[in-house]
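The values are calculated or read from the model by the stated rules, or taken from the named source; none is laboratory data. As the structure is a computational prediction, the values presented were derived from the model and not from experiment. So basically every Cβ, Gly included, is an ideal-geometry build from the backbone, and we count neighbours across all protein chains shown.
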Amino acid sequence: MMLLFNATHSVILEPDENHIKSATFFSKEIEVGPGKVTVKTLLDIDFPKGHIGIKSFDVEVVDEDGNSVPLYEAYLHHWFAVKYIENITMSHYIKETQDLHDGIEYERNDGACQGFLLPHYWGLGGESRGTSSNLPNPFAVKVGNPTKIKNGFKEKWLFSIMVIDTRGTHDRKGCTECRCKLLNIPKDFYNVTTGINGQLLSRNYKGGLFCCQDNLQCKLRNGFRGPTRKLSLRYKIRWVDWDEHQVPLKFYILDSTDRVTLNGSTLTHDCQAEYTIPRNHYIDSPHVKKANIPMTKGGYLIYGTAHMHTGVVNVTLYGQDGRVLCTSIPKYGTGKEAGNENGYLVGMSVCYPKPGSIKIKDGEILTLESIYENKFRTGAMGHFYIYLAEQIPNKDLKF
């Protein structure tokens, strides 16, 4: 695949005293068609080089001409930016074969979900255009530190993405929720498909990530025909060169489906990543999902927001004493233009507490509460993103 446009990105130095640089990149193209689900891993994406601090990472879907694509045409279910290190001697083989088993070691965020679940450093979905990713000065996510990269390896980044082309679909909303009955899943689907726990999916699994596999097709309206098209992720990254004036942040993803258990002195996090809101014809109150999540290592809260899906009412993170640490509120679109699509979740609010004003203690048990409308929904998510600083700089530093 070729990069969108045959042009290299340019680095821009923003006109302020903080020496912030920015560049806009384009991912490799992906081909979509009416009703088609596209799930791709794009290795070795363009990314700023060197020992730097990332200040923001913003993503949207564009067409071949660079035009923003509205969610009702191509629904961006999610994009995740994942860090990995690659054995330099195997780089050519990995690039040619796309074999991710040998020569690559993934480096997840600081979150505690089991295995390699929710490993990314940045990532949202349809709400990407309307959710700020900016980190206040002098805070940043430190990457590219040569002292932390193993000999013979190189730090790289990949995109994990899911885009659902909903043009002409029989049920656009249900398609974006990956409802199994609306997709042409194979006849033996439930006999061969395993879930997060490694067990075969129950036939009660009505929808979610496992029914939105690459190249599956949402059912189309009778007689609908439409062209294929090539889309890309356009992403803008802002960063600074790392120096003594920067303050590093740790990044945690908390999940409202996390079922924490204690085995002796060992905590086990059993995150499900998604859940179904069952049909309910009698209760008017919203649907609430809660998880109590111990934080082995705390810090000062610098940024907080949530990755949710359409239908969310709000998401709140509470401290152990019941204090509100952050509430993230949805923004729904009212128009037709990209970024304001009527009825779609187009943004989540972000918390920027005054640095030093909210501290999470080591070992503190946080409560994450995600609230949705009480309507049947599959593939609902309740992921909360927080950036924590171990220390707050002196007062004479500007924010």
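Might you check whether a residue that is loosely packed, with under 12 Cβ neighbours inside 10 Å, in contact (Cβ under 8 Å) with a residue 40 or more places away in the chain and either in contact with a Leu (Cβ under 9 Å, 6 or more places away or on another chain) or of a type outside the set (A, V, I, L, M, F, W, C) (or both) occurs anywhere in region 228-246? Break it down stepwise before answering.
To start, the set of residues in region 228-246 that are loosely packed, with under 12 Cβ neighbours inside 10 Å comprises 228, 243-244.
After this cut, where a residue has to be in contact (Cβ under 8 Å) with a residue 40 or more places away in the chain as well, the list is 228.
From what is left, the residues that are either in contact with a Leu (Cβ under 9 Å, 6 or more places away or on another chain) or of a type outside the set (A, V, I, L, M, F, W, C) (or both) are 228.
Within region 228-246 (the criterion being loosely packed, with under 12 Cβ neighbours inside 10 Å, in contact (Cβ under 8 Å) with a residue 40 or more places away in the chain and either in contact with a Leu (Cβ under 9 Å, 6 or more places away or on another chain) or of a type outside the set (A, V, I, L, M, F, W, C) (or both)), the answer is yes, since at least one residue qualifies.
Table: residues versus (1) within 25 Å of Phe376 (Cβ to Cβ); (2) in a loop (DSSP other than H, G, I, E, B); (3) outside the structural domain of Thr131 (by TED's automatic domain parsing).
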site: Lys187; (1), (2), (3): yes, yes, no
site: Asn191; (1), (2), (3): no, no, no
site: Asn197; (1), (2), (3): yes, yes, no
site: Arg203; (1), (2), (3): yes, yes, no
site: Gln213; (1), (2), (3): yes, yes, no
site: Arg225; (1), (2), (3): no, yes, no
site: Leu233; (1), (2), (3): no, no, no
site: Lys236; (1), (2), (3): no, no, no
site: Ile253; (1), (2), (3): no, no, yes
Those residues of region 354-367 which are farther than 13 Å from Asp321 by Cβ and surrounded by 16 or more Cβ atoms within 10 Å (Cβ to Cβ), in sequence order: Pro355
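What number of residues within region 147-169 are outside any loop (DSSP other than H, G, I, E, B), in contact with a strand residue (DSSP E or B) (Cβ under 9 Å, 6 or more places away or on another chain) and closer than 25 Å to Glu107 by Cα?
Initially, region 147-169 is screened for residues outside any loop (DSSP other than H, G, I, E, B), giving 147-148, 153-165, 169.
Next cut, in contact with a strand residue (DSSP E or B) (Cβ under 9 Å, 6 or more places away or on another chain) only: 148, 153-165, 169.
Within this subset, residues satisfying the condition of being closer than 25 Å to Glu107 by Cα are 148, 153-163.
Result for region 147-169: 12.
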Candidate set: region 216-266, residues that are touching a Gly at 6+ places or on another chain (Cβ under 9 Å) and of a type in the set (Phe, Trp, Tyr); chosen: the one farthest from Arg167 (Cα to Cα): Trp242
For Thr261: the one exception among (1) in a loop (DSSP other than H, G, I, E, B); (2) free of Cβ contacts under 8 Å to residues at least 12 places away in the same chain; (3) of a type in the set (Val, Ile, Thr): (1)
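This table checks each residue for (1) surrounded by fewer than 17 Cβ atoms within 10 Å (Cβ to Cβ); (2) at pLDDT below 95; (3) among the aliphatic types (A, V, I, L, M).
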position: Ser56; (1), (2), (3): no, no, no
position: Pro70; (1), (2), (3): no, no, no
position: Trp79; (1), (2), (3): no, no, no
position: Val82; (1), (2), (3): no, no, yes
position: Ala112; (1), (2), (3): no, yes, yes
Residue ID - surrounded by the most Cβ atoms within 10 Å (Cβ to Cβ), chosen from residues in region 247-286 that are aromatic (Phe, Trp, Tyr) and at pLDDT 95 or above: Tyr252
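With the requirement that a residue be of a type in the set (D, E, K, R), modelled with pLDDT of 85 or more and assigned to a loop (DSSP other than H, G, I, E, B), what does region 86-110 give you? Reasoning before the result, please.
Keep residues of region 86-110 that are of a type in the set (D, E, K, R), which gives 86, 95-96, 99, 102, 105, 107-108, 110.
Okay, now just the ones that are also modelled with pLDDT of 85 or more, so 86, 105, 107-108, 110.
Passing the criteria: Arg108, Asp110.
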Residues of region 287-312 satisfying the condition of being surrounded by fewer than 19 Cβ atoms within 10 Å (Cβ to Cβ), under 22 Å from the mean Cα position of the chain (by Cα) and of a type in the set (Val, Ile, Thr): Val288
Test: residue in region 139-156 that is modelled with pLDDT of 95 or more and under 14 Å from the mean Cα position of the chain (by Cα): no
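Having 3 or more residues that are touching a Ser or Thr at 6+ places or on another chain (Cβ under 7 Å) is the bar; report the strands (runs of 3 or more DSSP E) wholly within region 12-66 that clear it. Outline the logic, then answer.
Details: elements: 21-26, 30-32, 37-42, 52-62.
Strands (runs of 3 or more DSSP E) meeting the threshold: 30-32, 52-62.
Out of the strands (runs of 3 or more DSSP E) lying entirely within region 299-399, which hold 2 or more residues that are closer than 30 Å to Asp171 by Cβ and touching a Lys or Arg at 6+ places or on another chain (Cβ under 6 Å)?
Here the list reads 345-348, 365-372.
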Candidate set: region 313-340, residues that are among the charged types (D, E, K, R) and in contact (Cβ under 8 Å) with a residue 40 or more places away in the chain; chosen: the one surrounded by the most Cβ atoms within 10 Å (Cβ to Cβ): Lys331
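Please determine whether any residue of region 154-176 is basic (Lys, Arg), in the same structural domain as Thr38 (by TED's automatic domain parsing), without any contact (Cβ under 8 Å) to a residue 60 or more places away in the chain and surrounded by fewer than 17 Cβ atoms within 10 Å (Cβ to Cβ). Steps first, answer last, please.
Keep residues of region 154-176 that are basic (Lys, Arg), which gives 154, 156, 167, 172-173.
With the extra rule that they be in the same structural domain as Thr38 (by TED's automatic domain parsing), the set shrinks to 154, 156, 167, 172-173.
Cutting the leftovers down to without any contact (Cβ under 8 Å) to a residue 60 or more places away in the chain gives us none.
Scanning region 154-176 turns up no residue that is basic (Lys, Arg), in the same structural domain as Thr38 (by TED's automatic domain parsing), without any contact (Cβ under 8 Å) to a residue 60 or more places away in the chain and surrounded by fewer than 17 Cβ atoms within 10 Å (Cβ to Cβ).
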